[in-house]
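Since the structure comes first, as structure tokens, the remarks are kept for the end.
The values are calculated or read from the model by the stated rules, or taken from the named source; none is laboratory data. No experiment lies behind these values; they were computed from the predicted model shown. For neighbour counting, all protein chains shown are included, and Cβ atoms are generated from backbone atoms with ideal geometry for every residue, glycine included.
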């Protein structure tokens with residue numbers, strides 16, 4: 001599953017939520033999106049930045 005596309009659709013989510021929807025371990029993909037500046041992590045919630 002394309003994690004970036006899913007994150008863009010959800011806008012805000014927790015790690016548990018996206019892993020349940022994607023049915024995979026998404027930590028590495030989320031870290032890559034954080035490094036690229038497409039996600040922000042605040043108070044346990046990931047937020048997609050357009």
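A few comments on the model shown:
- Residues that are more than 20 Å from residue 49 (Cβ to Cβ) and surrounded by 15 or more Cβ atoms within 10 Å (Cβ to Cβ), drawn from the stretch 1-28: 19
- Within the stretch 1-25, the residues that satisfy the criterion of being over 15 Å from residue 41 (Cα atoms) and part of a helix (DSSP H, G or I) are 3, 5, 6, 9, 19, 20, 21, 22.
- Within the stretch 33-50, residues that are on the phi > 0 side of the Ramachandran plot and surrounded by 10 or more Cβ atoms within 10 Å (Cβ to Cβ) reach no partner that is in a loop (DSSP other than H, G, I, E, B) and modelled with pLDDT of 95 or more with beta carbons closer than 9 Å at six or more positions or on different chains.
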